[in-house]
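Below is one structure; the comments refer to it alone.
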Amino acid sequence: MTTENAELAALAESVFADARAEGTGFDAGLWSTLEETGLARLTLPSDAGGSEGTLADAAVVLAAAGAHAARVPLVETDLLAGWLLHTSGIELPAGPLTAVRGELDVDGDRVRGRLARVPWARAAASVAVLTPARVVLLGPDALTVTDGTNVAEEPRDLVQVAGPALAVAPAPGEVAEELRLRAALGRALLLAGAARGALAASVGYAGEREQFGRPIGRFQAVQQQLALAAAEVAAAS
């Protein structure tokens, strides 16, 4: 890890550790801190309100977010919606964003349709939609959101669309494949970070929980399982 990435890692760990809390809803306080520190739109160019970071920088921040179970649409805002809108020549709106692929009926600036399993739609200031031919930016006035979750209790909402679009642009070539790869990268980084966080919690628990008069972390069987878990975490990273 470079000196710059080490400093970024320390900042990310500090931000996410301070904000960690129980719950499943959007952490508005954490999001405000991410925007103040430039981490919310880390990889976007400065003319899009970003910090001009690299994907290696994003890897550091997203792994920390996963380790602390951060309840914010960081992948969606930075790697997905922000990138998609900027690539399409659409000015980025303020606030948290989300992105999804779907089919919409677009007639001028009027849009209708249904979008399933949209990440963080309930918390997003705007939704970027990649249709087969267009990139469509939608604001809250055009959306009716029904809350839903995935098995990790992360927001995956049903969105009914009926109203004007904030912007419509032709979809650039090959954008769908890169959006898919960016989404996969973001999820992989969050999962690798979550594995690291789970291991740290397990090691801490094994050092505190006592059985037969001594911490369970001193038992060979427990040590073996923690060592196996550590190897899996290293492989994921």
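Scanning region 47-61 for residues that are at pLDDT 95 or above and exposed (fewer than 13 other Cβ atoms within 10 Å of the Cβ) yields a single hit, Thr54.
Residue pairs whose Cβ atoms lie under 8 Å apart, separated by 6 or more positions or on different chains, with the first residue in region 146-170 and of a type in the set (Ser, Thr, Tyr) and the second in a strand (DSSP E or B), are Thr146/Asp157; Thr146/Leu158; Thr146/Val159; Thr146/Gln160; Thr149/Pro155; Thr149/Arg156.
Before we move on, is Glu35 over 25 Å from Ala234 (Cβ atoms), charged (D, E, K, R) and open to solvent by less than 10 Å² (accessible area, probe 1.4 Å)? No; evaluated as a whole, the condition is false for this residue.
Yes/no per residue for (1) acidic (Asp, Glu); (2) touching a strand residue (DSSP E or B) at 6+ places or on another chain (Cβ under 7 Å); (3) under 25 Å from Ser237 (Cα atoms):
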site: Phe26; (1), (2), (3): no, no, no
site: Ala40; (1), (2), (3): no, no, yes
site: Pro45; (1), (2), (3): no, no, no
site: Glu103; (1), (2), (3): yes, yes, no
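Is one or more of the residues making up region 187-207 under 17 Å from Phe26 (Cβ atoms), in a helix (DSSP H, G or I) and under 16 Å from the mean Cα position of the chain (by Cα)? Yes. Residue check: Thr3 meets all listed conditions (1) of a type in the set (Val, Ile, Thr); (2) closer than 23 Å to Ser237 by Cβ; (3) in contact (Cβ under 8 Å) with a residue 24 or more places away in the chain but one, namely (3). Does Ala12 meet the test of being open to solvent by 20 Å² or more (accessible area, probe 1.4 Å) and closer than 16 Å to Leu190 by Cα? No; evaluated as a whole, the condition is false for this residue.
Does Asp78 satisfy being out of contact with any Phe, Trp or Tyr (no Cβ under 7 Å at 6 or more places or on another chain) and buried (at least 22 other Cβ atoms within 10 Å of the Cβ)? Before you say what the answer is, go through the steps one by one.
On the way: out of contact with any Phe, Trp or Tyr (no Cβ under 7 Å at 6 or more places or on another chain): yes; buried (at least 22 other Cβ atoms within 10 Å of the Cβ): yes.
For Asp78, the condition - out of contact with any Phe, Trp or Tyr (no Cβ under 7 Å at 6 or more places or on another chain) and buried (at least 22 other Cβ atoms within 10 Å of the Cβ) - is met.
Among the residues of region 90-124, write down those that are open to solvent by 20 Å² or more (accessible area, probe 1.4 Å), more than 20 Å from Asn150 (Cα to Cα) and either of a type in the set (Asp, Glu) or in a loop (DSSP other than H, G, I, E, B) (or both). Listed by number, the residues that qualify are Glu91, Leu92, Pro93, Ala94, Glu103, Asp105, Asp107, Gly108, Asp109. Taking the criterion of being without any contact (Cβ under 8 Å) to a residue 40 or more places away in the chain and either open to solvent by 50 Å² or more (accessible area, probe 1.4 Å) or hydroxyl-bearing (Ser, Thr, Tyr) (or both), the residues of region 189-206 that qualify are Ala198, Ala201, Ser202, Val203, Tyr205. For region 208-220, taking the residues that are assigned to a loop (DSSP other than H, G, I, E, B) and more than 36 Å from the chain's Cα centre (by Cα), the one that is surrounded by the fewest Cβ atoms within 10 Å (Cβ to Cβ) is identified as Gly213.
The values are calculated or read from the model by the stated rules, or taken from the named source; none is laboratory data. Note that the structure is a prediction, hence the values are computed from the model and not measured. We place every Cβ from the backbone using ideal geometry, glycine too, and count neighbours over all the protein chains shown. To get the accessible areas, we keep the full protein, side chains included, count just its heavy atoms, and leave off ligands, DNA and RNA. Shrake-Rupley method; radii C 1.70, N 1.55, O 1.52, S 1.80 Å.
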